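A.B. asks: Sharing a structure, written as structure tokens. Questions coming.
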Amino acid sequence: MYFGIFLRTLLPYLATSFALFLNFTKTIAIIVSNTKDYDKNYSETNDNLLQLTNNIYSQCVCYQMMKQFFKELCEKIVVQDPSIRFVGIADQDGILEADAERKGLEAIFSPDQRAEYAITAANRQATRLRWEYLLGKISFATSHYEKLIRATIPIADENRRLSHVVLVSFDPQAKADEIIMKKIIPLISQNMKNF
């Protein structure tokens with residue numbers, strides 16, 4: 001689990017380095033394919049290498065675009081109401097993809113605690129989705145603490161399997177249910193095609 005967090009943290013850096021390596025490899029492959037002395041087998045290997053390079057590069061670009069989309073969505077949600085403290089989007093494994101905080105906020109959780117919370121929240125949401133066939137579709141769940149209110153909003157695929165979780169924390173006096181129903185869920189719904 002912690003190795004996954006470590007790997008996800010490094011992935012943007014690895015993706016950039018790998019993209020540069022792939023561009024270099026692609027350039028070499030094109031140069032080699034333009035020389036006169038290569039046989040048919042080498043040409044097929046070169047074509048396969050170019051195809052693999054293009055596929056991996058496309059996945060890296062797609063990953064970067066999704067990270068940017070998640071960051072922008074978090075920033076849009078956090079300004080929907082002054083009582084919203086924090087917004088994060090985690091994948092089905094609970095790995096935070098992006099987050100945003102209210103300006104001037106003194107955070108209660110450290111980044112490590114926040115990452116740990118995201119993992120447990122994703123696990124709880126996956127469990128809640130398992131009971132939908134009996135209880136009906138879940139919109140969100142809230143927990144009220146002395147210092148804040150936490151909410152989790154599941155984003156499920158067409159088969160109702162957990163895809164992502166939107167994590168939101170509010171000041172303790174906030175009308176969290178109303179804010180979620182009237183401001184946050186409509187904003188997420190407008191962007192569902194991007195999940």
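A.B. asks: Cα-Cα over 22 Å: which of 71/137; 137/183; 147/175; 76/193; 67/193?
C.D. replies: Details: 71/137 27 Å; 137/183 19 Å; 147/175 14 Å; 76/193 17 Å; 67/193 15 Å.
Violating the 22 Å Cα-Cα cut-off are 71/137.
A.B. asks: When 101, 178 are ordered from fewest to most other Cβ atoms inside 10 Å of their Cβ, what list results? Walk me through the intermediate numbers first.
C.D. replies: Numbers: 101 17, 178 10.
Starting with the residue having the fewest Cβ neighbours, the order is 178, 101.
A.B. asks: Sort 144, 164 so that the residue with the fewest other Cβ atoms within 10 Å of its own Cβ comes first and the one with the most comes last. Write out the running numbers ahead of the final one.
C.D. replies: Values: 144 12, 164 21.
By the 10 Å Cβ count, ascending: 144, 164.
A.B. asks: Moving on. When the C-alpha atoms of the stretch 70-194 are aligned to their principal axes, what extent does each axis show, in angstrom, from largest down?
C.D. replies: 41, 30, 28
A.B. asks: Within 10 Å of each residue's Cβ, count the other Cβ atoms and sort 83, 139, 163 from fewest upward. Numbers along the way, then the final one.
C.D. replies: Details: 83 17, 139 11, 163 14.
The order, fewest Cβ neighbours first, is 139, 163, 83.
A.B. asks: Also, quick follow-up: Would you please name the chymotrypsin sites (Phe, Trp or Tyr not before Pro) within the stretch 103-138 that are DSSP coil residues with at most 14 other C-beta atoms within 10 Å of their C-beta? Don't skip to the answer; put the middle values down first.
C.D. replies: Values: sites: 109, 117, 131, 133; in loops: 109, 131.
Answer in residue order: 109, 131.
A.B. asks: Between the stretch 161-195 and the stretch 59-96, how many Å separate their Cα centres?
C.D. replies: Between the Cα centre of the stretch 161-195 and that of the stretch 59-96, the gap is 11 Å.
A.B. asks: Ok, one more. Taking the Cβ of residue 178 as the center, what net charge do the other residues with Cβ under 15 Å away carry, scoring Lys and Arg +1 and Asp and Glu -1?
C.D. replies: Details: positive: 175, 182, 183; negative: 81, 171, 177.
Every neighbour counted, the sum reads 0.
A.B. asks: May I ask for log10 I(q)/I(0) of the stretch 75-121 at q = 0.28, 0.32 Å⁻¹, from a Debye sum over the Cα atoms as equal point scatterers with solvent left out?
C.D. replies: Debye curve over Cα of the stretch 75-121, log10 I(q)/I(0) at q = 0.28, 0.32 Å⁻¹: -1.08, -1.18.
A.B. asks: What trypsin sites (Lys or Arg not before Pro) in the stretch 93-138 are in a loop by DSSP, with at most 11 other Cβ atoms within 10 Å of the Cβ? Write out the running numbers ahead of the final one.
C.D. replies: Working: sites: 102, 103, 114, 124, 128, 130, 137; in loops: 102, 103, 137.
Loop-located and lightly packed - 103, 137.
Read-outs throughout are calculated quantities, based only on the coordinates presented, and are distinct from any laboratory measurement. Keep in mind it's a predicted model, so treat the numbers as computed, not measured. Cβ atoms come from the backbone with ideal geometry, glycine included; neighbour counts cover every protein chain shown.
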